[in-house]
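Scroll down for the structure; my scribbles are underneath it.
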Amino acid sequence: MNAGAAPGKWLRGARRAMARLPNLRMGRIPDAPALSVRDPWPGDGDRGARLIKGELEFGGAVQPLQPGGWHASGGSPDLRAAAHSFSWLRDLRALGTDAARLKARALVVDWIANPPSDPVAHRSDVVGARITAWLGHYDFFAATADDAFRQRLMARLVADARSLSAALPAEELDARALTALKGLVAAAVALREQSGFLARALRFLPQEITRQILPDGCHAERSPAAQLAALQDLTEIRALLQSAQTAPPPALTGAIDRMAPALRLMRHGDGGLALFNGSKEESDSLITLVLNQAGRGGRSPASLSEGGFHRMQAGRTVLIVDCGAPPPAGVDRRSHAGTLSMEMSVGRDRLIVNCGAFPAGPPEWRDASRATAAHSTLVIADTNSSELKPEGLGRRPQNVEAQRQEAAGAHWLDASHDGWRKPFGAIYRRRLYMAESGEDVRGEDLIEAPEPQPFTLRFHLHPDVQANLQQDGATVLLRLRSGSFWRLRADGARLSLEESIYLGGLEPRRSEQVVLTGFADESQQVKWALSKVERAG
């Protein structure tokens with residue numbers, strides 16, 4: 001942390017300490033929320049059933065969740081944050097049974113009685129998510145409870161909201177700051193006796209939006225997952241303000257209008273997200289609901305000028321390419337070393353993918369999924385195009401350029417980055433072409449460097465794709481889940497089929513990858529083509 005940030009951190013700590021002190025102006029704790037707060041997002045009944053058994057599933061990882069277990073320090077920070085956020089209450093609500101209601105109540109009672117010491121539980125975004133979850137599910141787990149429970153719950157909500165208000169602006173610079181602001185807006189709507197919450201939230205909201213949402217609507221993290229989460233938070237904030245009969249600030253309305261089309265660019269034909277920078281597929285129905293809540297119709301744009309993502313679409317084929325520079329420090333927590341990586345889907349079938357992300361998993365899994373080798377792009381000398389650090393990125397591409405042309409329905413994309421300039425003096429160029437039918441995709445990957453370099457070009461395949469290496473050693477036949485066939489041919493490197501892993505779905509799955517290996521004493525250029533074939537013969 002730089003020296004200039006230290007006074008701000010000290011001041012936040014002092015405000016939080018003051019917020020916890022008894023306050024004669026705090027007034028009477030309300031008996032119930034003054035205005036109902038509704039959680040607008042669907043839960044998962046299967047996950048709710050696991051919660052009944054004492055298991056929290058999040059991001060492909062599982063952690064015990066039982067009364068008395070809040071002080072357990074196991075699990076990744078993301079998994080612990082999920083536990084303490086109580087967003088999983090919607091999964092118990094989706095289950096809808098009396099057992100689910102009583103389980104929710106028991107866990108809330110236990111958390112209030114035994115507040116955890118884990119710093120993650122008291123991070124601004126986690127507090128904001130917890131306030132929103134408790135208020136959004138109040139009718140589900142608290143309305144029929146006894147007076148003593150409701151009084152304890154309301155007292156804790158008031159205390160947390162006061163602490164959250166004092167902690168703003170949030171120390172986190174990424175999308176988590178929006179979640180913190182959402183919690184304070186929810187508290188302002190439901191706790192009318194607590195004056196000042198809404199004014200404080202509205203003071204910081206416009207500047208946070210301006211800092212995080214780029215002019216083209218892409219979130220500053222350049223992550224489809226962060227894009228979805230931020231749009232969810234902003235649409236919730238707008239709905240909360242409307243329920244309180246407060247006009248949303250223009251910055252909020254404008255950001256939602258810009259973000260929805262950008263999110264559409266990041267969807268594949270199956271409706272799920274592309275797997276860049278810490279993202280999983282997510283639910284098609286959830287993404288559609290978020291876009292409907294945003295209220296912005298229309299098709300996805302072809303590219304995001306600031307975000308750097310390009311979408312090439314023809315016929316039933318979609319190609320999404322990351323042609324943007326990595327985000328700056330402070331918003332690069334999710335960032336992968338995947339510059340110029342690509343994904344391809346045909347209809348509802350994913351064909352070429354990145355490996356995805358496992359942020360809630362063990363550190364070694366998280367690191368592996370962030371590496372350049374986990375992406376469908378080229379790697380020089382087994383060296384990541386960006387240096388991976390726990391808090392974000394170190395060395396990274398400084399210049400990422402892309403030029404695009406379209407004519408008669410066909411697309412051309414010419415992109416480059418200098419991520420390997422420092423270690424090798426190298427520039428990596430990727431040229432892509434998609435025919436107007438969408439059934440002919442071609443590429444050229446090349447390295448410009450003073451000395452030839454060994455390299456590996458990877459095409460990770462979705463687990464549902466069946467791959468067969470042909471006898472010529474330069475062709476792979478690919479069968480999609482729908483039964484259609486595509487042929488991948490390559491020239492300029494040695495072709496092989498190897499094992500891979502897919503982390504984009506609900507749980508890790510085995511998959512395969514087409515690997516093209518080049519050596520320092522050979523050509524520094526690979527040409528390849530993906531074309532649809534009528535039959536396997």
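Within region 229-246, the only residue that satisfies the criterion of being surrounded by 23 or more Cβ atoms within 10 Å (Cβ to Cβ) and of a type in the set (Gly, Ala, Ser) is Ala230. Against the list (1) of a type outside the set (Gly, Ala, Ser); (2) part of a helix (DSSP H, G or I); (3) touching a helix residue (DSSP H, G or I) at 6+ places or on another chain (Cβ under 9 Å), the condition Pro248 fails is (2). What number goes with the only condition from (1) more than 17 Å from Gly308 (Cα to Cα); (2) in contact with a Phe, Trp or Tyr (Cβ under 7 Å, 6 or more places away or on another chain) that Asp367 does not pass? The failed condition is (2).
Going by the conditions given, is Ala180 crowded, with 24+ Cβ neighbours inside 10 Å and aliphatic (A, V, I, L, M)? The answer is yes for Ala180.
One line per residue, one yes/no per condition, for (1) of a type outside the set (A, V, I, L, M, F, W, C); (2) surrounded by 15 or more Cβ atoms within 10 Å (Cβ to Cβ); (3) assigned by TED's automatic domain parsing to the domain that holds Gln453; (4) farther than 29 Å from Glu439 by Cβ:
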residue: Arg366; (1), (2), (3), (4): yes, yes, yes, yes
residue: Glu391; (1), (2), (3), (4): yes, no, yes, yes
residue: Asn399; (1), (2), (3), (4): yes, no, yes, yes
residue: Gln405; (1), (2), (3), (4): yes, no, yes, no
residue: His411; (1), (2), (3), (4): yes, yes, yes, no
residue: Ala415; (1), (2), (3), (4): no, yes, yes, no
residue: Trp420; (1), (2), (3), (4): no, yes, yes, yes
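Of the helices (runs of 4 or more DSSP H) that lie entirely inside region 102-184, those containing 1 or more residues that are of a type in the set (Lys, Arg) and in contact (Cβ under 8 Å) with a residue 60 or more places away in the chain span 147-167.
In this structure, Ala175 qualifies as touching a strand residue (DSSP E or B) at 6+ places or on another chain (Cβ under 8 Å) and surrounded by 24 or more Cβ atoms within 10 Å (Cβ to Cβ). Residues in region 282-313 that are in a loop (DSSP other than H, G, I, E, B) and within 19 Å of Pro326 (Cβ to Cβ) were compared, and the one that is farthest from the chain's Cα centre (by Cα) is Ser305. Considering region 471-481, and only residues there that are surrounded by fewer than 19 Cβ atoms within 10 Å (Cβ to Cβ) and either modelled with pLDDT of 95 or more or of a type in the set (D, E, K, R) (or both), the residue that is farthest from Arg421 (Cα to Cα) turns out to be Arg481.
Report yes if Thr210 is surrounded by fewer than 21 Cβ atoms within 10 Å (Cβ to Cβ), without any contact (Cβ under 8 Å) to a residue 60 or more places away in the chain, under 28 Å from the mean Cα position of the chain (by Cα) and assigned to a helix (DSSP H, G or I), otherwise no.
Answer is yes for this residue.
Being under 30 Å from Val321 (Cα atoms) and either outside the structural domain of Gly338 (by TED's automatic domain parsing) or of a type in the set (Asp, Glu) (or both): is that true of Ile237 here? Answer is no for this residue. Within region 137-157, the set of residues being surrounded by fewer than 24 Cβ atoms within 10 Å (Cβ to Cβ) and within 24 Å of Pro40 (Cβ to Cβ) comprises Tyr138, Asp139, Phe140, Ala142, Ala143, Thr144, Ala145, Arg150, Leu153, Met154, Arg156.
The values are calculated or read from the model by the stated rules, or taken from the named source; none is laboratory data. Keep in mind it's a predicted model, so treat the numbers as computed, not measured. Here the Cβ is made from the backbone with ideal geometry for all residues, glycine too, and neighbour counts use every protein chain on show.
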